[in-house]
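The next block holds one structure in the form of structure tokens; read it before the comments.
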Amino acid sequence: MALFLLMVMLTACAAAPQDLSGKMFTFPQETNSAHVRLTTSRQVLRAVTVCLRAFTDLRRDHSLFSLATPAFDNELLIFNGVSNNKYAYWIRNKNADFIGQDYKVNTWQSICSTWDSVSGLGQLWLDGKPSSRKFINSGSNISGPIIIVLGQDQDTHGGGFDINQSFVGMISDVHLWDHILSPCEIQNYMHHLNFAPGNVLNWRALEFQTTGRVLIEDKQEIKTCY
């Protein structure tokens, strides 16, 4: 009975979409199990824009957003390769490296990535600054069944987690669109202005399941307190 109650405590599911405005997921320790699984009914994506905000002090490589299918564990992966001073953006198990982005510890950073299947071009935006546009993969759509995970890098469909690639810190404002946002729309997201929420994943109406030690907390903002 005690073990059953522990499992209930460690696995929490949002039965209906939740508005997480002003909230954040906190991943307080390195593990090979704690994560958040995000749910979507969309199983085919011809183009994507992913945006999120992250806060961490990690000086090692870590996953920020992992989307896997049975065919490809790195169907879409945003991976911060801190040790090599680069971000790796994976689409259908092929990747491009983006160098020179200004990764900072202990501060909220806004990250957006775009890709479309026709041109195969991907791009990474960090705090409003775009990278070069690079070829990653073309000719095929992202096709499910899709599993989306925050906090871990999927090396198998829905699992295969490595503690040395886990995320430690806070993540907030996660959105996914089925098209490429314009530079102005990305800037609006980056600067907390009005923008149309994601039509695949929407932080304001998010379906998710947490596993392990993941907390849902009020988002910490640095404000003048006097």
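Against the numbered list (1) more than 16 Å from the chain's Cα centre (by Cα); (2) modelled with pLDDT of 95 or more; (3) not hydroxyl-bearing (Ser, Thr, Tyr), residue 191 comes up short only at (2). Set side by side, the residues 172, 182 differ, and just one is of a type outside the set (Asp, Glu) and in contact (Cβ under 8 Å) with a residue 40 or more places away in the chain, which is 172. Would you check which residues across the stretch 196-217 are assigned to a loop (DSSP other than H, G, I, E, B) and open to solvent by less than 30 Å² (accessible area, probe 1.4 Å) and list them? The answer is 198, 200, 212, 214. If the condition is being at pLDDT below 95 and either surrounded by 15 or more Cβ atoms within 10 Å (Cβ to Cβ) or within 22 Å of residue 167 (Cα to Cα) (or both), then the stretch 5-20 contributes 7, 9, 10, 11, 12, 13, 14. Quick check on residue 218: is it in contact with a helix residue (DSSP H, G or I) (Cβ under 6 Å, 6 or more places away or on another chain), more than 16 Å from residue 77 (Cβ to Cβ) and acidic (Asp, Glu)? When the stated conditions are applied, residue 218 does not pass them. Against the conditions (1) in contact with a Phe, Trp or Tyr (Cβ under 8 Å, 6 or more places away or on another chain); (2) closer than 16 Å to residue 66 by Cα; (3) of a type in the set (Gly, Ala, Ser), residue 144 satisfies every one except (1).
Taking the condition open to solvent by 50 Å² or more (accessible area, probe 1.4 Å), of a type in the set (D, E, K, R), touching a strand residue (DSSP E or B) at 6+ places or on another chain (Cβ under 7 Å) and without any contact (Cβ under 8 Å) to a residue 40 or more places away in the chain, does residue 23 pass? Here the answer is no, as residue 23 does not meet what is asked. Is there a residue in the stretch 136-153 that is under 17 Å from the mean Cα position of the chain (by Cα), modelled with pLDDT of 95 or more and small (Gly, Ala, Ser)? Yes, the stretch 136-153 contains a residue that is under 17 Å from the mean Cα position of the chain (by Cα), modelled with pLDDT of 95 or more and small (Gly, Ala, Ser).
The values are calculated or read from the model by the stated rules, or taken from the named source; none is laboratory data. Note that this is a predicted model, so its numbers are computed, not measured. All Cβ positions, glycine included, derive from the backbone under ideal geometry; neighbour counts span all protein chains shown. These accessible areas exclude ligands, DNA and RNA; they are computed on the full protein's heavy atoms, side chains included. Shrake-Rupley method; radii C 1.70, N 1.55, O 1.52, S 1.80 Å.
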